[in-house]
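Encoded as structure tokens, the structure appears first; notes follow it.
Every number here is computed from the coordinates shown, using simple stated rules; none is lab data. Predicted, not measured: the structure shown is a model, and the values here were computed from it. Cβ coordinates were reconstructed from backbone atoms using ideal geometry, including for glycine residues, and neighbour counts include every protein chain displayed.
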Amino acid sequence: MGASYVKYNGHGFWARDAHLEKWLLFLAEEIARQNEREAWAGELEQHFKRHATGGYNGFVNPKLDEFVPDDQRRLRVVGASTSTIQRLLALGMEIPPSVSNAWGVGGEGAYFTRPIETAVLERLGLRFVDLLNGILPPSASEVL
């Protein structure tokens, strides 16, 4: 299973691609739900969906520095991330492989055989929020 480095403002963390792809897909859906979306938010949503379903093994890149260059956007993405975490927790303890496979996560031909614990995605989401809020060390070594 590949892993990608998620970075923002000179800090970052490693995440397993399968987990990061699911997180980005859920976050993209949350961004799409926002009523007052600006053009950049639509571009971010599409970028997240491409990286969630494109099979970028080892190169899943949210491009946070590019899409979130200021506090206004950062706060919007933090808010969407917080809402995404709440939606994930409402799914229960696990996401069955049949659901993951239906999403197209991982690119064409990717197939999941085990469920993913929502707690894993919650931890990733919390790390994502910490990164956006600048409260991560320069290089968090644990792979989520």
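General remarks:
- Sites matching GluC sites (Glu not before Pro) across region 1-67 that sit in DSSP coil, with at most 16 neighbouring C-beta atoms within 10 Å: Glu36, Glu38
- Check: region 3-143 dipole with +1 on Lys, Arg Cβ and -1 on Asp, Glu Cβ, in debye: 120 debye
- Each pair of Cα atoms in region 38-81 enters the Kirkwood radius, and Stokes-Einstein at 37 °C and 0.692 mPa s then converts it into a translational diffusion coefficient of 297 µm²/s.
- Proxy reagent accessibility, fewest Cβ within 10 Å first, across Asp130, Asp17, Asp70: Asp70, Asp130, Asp17
- The modelled label-to-label distance for the pair Leu75/Arg33, using points 7 Å beyond Cα in the direction of Cβ, is 2.1 nm.
- Neighbour cut-off at most 16 other Cβ (10 Å), DSSP loop, chymotrypsin sites (Phe, Trp or Tyr not before Pro), region 23-62: Phe59
- Here is how the number arises for the chain: DSSP H runs of 4 or more residues each give -39500 (n - 2.57), the sum is divided by the residue count, and the result at 222 nm is -17000 deg cm²/dmol.
- For region 1-62: rounded, prolate or oblate by the Cα gyration tensor [a/c cutoff 1.5]: prolate
- Antiparallel %, DSSP beta bridges [both residues in the chain], to 5: 80 percent
- FRET E, pair Ala102, Asp65, Förster distance 41 Å, beta-carbon r, rounded to 0.05: 0.80
- Region 43-144: C-alpha gyration tensor shape, a/c 1.5 cut-off, then a/b vs b/c: prolate
- Residue (of Val6, Pro69, His47) at the positive-pole extreme of the chain, dipole from beta-carbon charges: Val6
- Overall form of region 61-117 per C-alpha gyration tensor (a/c, 1.5; a/b vs b/c): oblate
- With both labels modelled 7 Å from their Cα along Cα-to-Cβ, the Leu89 to Glu117 distance reads 1.6 nm.
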